[in-house]
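For reference, the structure is listed below as structure tokens.
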Amino acid sequence: MGDNENVTDDGPSRWPEGDRRTELERMLEDADHDAELGLEMARDARRVTAGELSEAEFYDRYHEAVVAEFGEDDRPLERPGDGRDAETGSRFGVDEESRRGVMRKVGAGAGAVGLSAWAATADDDPAPSAAEAPEASEGDDEGTQWGMVLDLEQCDGCLSCVVACAEEHNWERGANWMYVLDYEESASDGHNRLIRPCQHCTDAPCEKVCPTTARHTRDSDGLVLTDYDVCIGCRYCQVACPYGVNYFQWDDPGVSADELEDDHVYDARGRPVGSRGPRGVMEKCTFCATRQDGTKGEEFVGRTACEDACPPEAIQFGDMNDPESDTRRYLEDPELARVRAQNPPEDELQEAIAVLTGETDPAEDGDDGLTEREARALVRAEVGTAESTFRLLEDIGTEPNIVYIGDEPSADAHQVDGPIDYDEVGHVDNRTDVLDQGTVGLELPD
């Protein structure tokens, strides 16, 4: 892997400097927008999420410059969930001619987000155990908040999730809405793995810099989405996002609009936020937003294409505010969830599952059958223990709605080949293999 991203250490916002900043600046200059404005807004958007700058100060600081650059400034002042849909709904008045007038024909590409950009800082607190993991946003009565639990210790790197996501959403090769990478680091032995969809942050920096509010949070379920009719392709969201999940649709998509089903493009509000984006807009993982609206049937609500395709069931999707959701129940007892997913044939393991689920009363010491301690030991011997959890870059205040089980990448992590090459499943892990222009993503080994 190439050089890791340089980040400042003078605050929790962790804004990149050095070569990384140069690469981001070049990307925005190639897009023919005010590069310095985009970079400064992105930096300060992260300062807002980190609590170093207020929303009002951020808005006022850049209002005149945004109007001068884009002819409008519809950035919301409220935090996500505070009536934002009503505000972004006013953007339906932006017609295609206006949007294309603002969108520039862009050229060469961008740099890459190194693994260190996602790493825990040296003074971070130790990762909590799975039992101590943050289960949800504050309170269980805040409505639906879709999110994920990703069990990195169960992921086998098969890339089935990548294939399923591409088939569901028709994105171009290399625009990996779902991305799986292997890495090594001195702090641990052997391979480690990271799964990287969009984090659907509760306080998303990408949303704060969007001049048209095309990038917005859906009030009904907390999904961070892009309205393709409103997006002008300025790529400011791409620079502001610390996770490298945004992709620009460079050319006419390989799958035409006529081939897409309206129910998969338009959500319950009638806004085009699903499937791949048209030419000249930004796109990313949507957590299968139209599925969550019931357009494929009620049986698909609370499920994503990547989750359905995952053989070891390492991907769990659900309402992070619901104690009975798949995500919350998985976090409550990852070891039990793992062994139930495997459904082992051995009678003793099935008995252990029954004891731990309460279907069978545990035996007392010295009696026939398994005690609860014996059942737990059998399960741990089969699937291992789940000792730590984390959220990516939790310290910068974005409030990501994905909880990982496993170890967070450290500052010296470097990417290595995984068990399955992307080309083996008809995809690429480096978009520059199929485009002259790149995207903010991961730089791969030479």
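What follows is calculated from the coordinates using simple rules that are stated; it is not laboratory data. Just so you know, these numbers come straight off a predicted model, no measurement behind them. With ideal geometry, Cβ positions are generated from the backbone for all residues, glycine too; neighbour counts draw on all protein chains shown.
Other residues within the sphere of radius under 9 Å centred on the Cβ of Val355, judged by their own Cβ, net out at -4 (K and R +1, D and E -1).
When His191, His169 are arranged by Cβ crowding within 10 Å, least crowded first, meaning fewest neighbours, the order is His191, His169. Summary of the geometry: the range 46-80 and the range 346-388, compared by the centres of their Cα atoms, lie 54 Å apart.
Evaluate E = 1/(1 + (r/R0)^6) for Ala56 and Asp368, where r is the Cβ-Cβ distance and R0 equals 51 Å; express this FRET efficiency to the nearest 0.05. Once the sixth-power term is evaluated, E becomes 0.15. Placing a label point 7 Å from the Cα of Glu332 along the Cα-to-Cβ line, the residues of the range 140-175 whose backbone N sits under 15 Å from it are 140.
Sorted on the mean count of surrounding Cβ atoms within 10 Å across their residues, most packed first, peptides 38-49, 367-378, 300-311 read 38-49, 300-311, 367-378.
Once you order the gyration tensor axes a ≥ b ≥ c over the Cα atoms, which shape class does the range 139-184 get: rounded for a/c under 1.5, otherwise prolate or oblate by comparing a/b with b/c? Cα axes put the range 139-184 in the oblate bin. Ranking of Cys231, Cys155 by neighbouring Cβ atoms within 10 Å, starting from the fewest: Cys155, Cys231. Given R0 = 22 Å, the distance between the Cβ atoms of Glu72 and Asp258 translates into a calculated FRET efficiency of 0.10. Extension gain for Asp182-Asp19 works out to 56.3 nm (0.36 nm per residue, less the C-alpha to C-alpha distance). Across the alpha-carbon atoms of the range 238-280, the computed radius of gyration and Dmax are 12.3, 34 angstrom. Shown is the FRET efficiency for Arg269 and Thr357, computed with R0 = 45 Å from the Cβ-Cβ distance and rounded to the nearest 0.05: 0.70. Which of rounded, prolate, oblate describes the range 269-336, given a ≥ b ≥ c as roots of the alpha-carbon gyration tensor eigenvalues and a/c under 1.5 marking rounded, otherwise prolate only if a/b is larger than b/c? Here the range 269-336 falls in the prolate category. Neighbours of Cys158 by Cβ distance under 13 Å: Lys/Arg scored +1, Asp/Glu scored -1, total -4.
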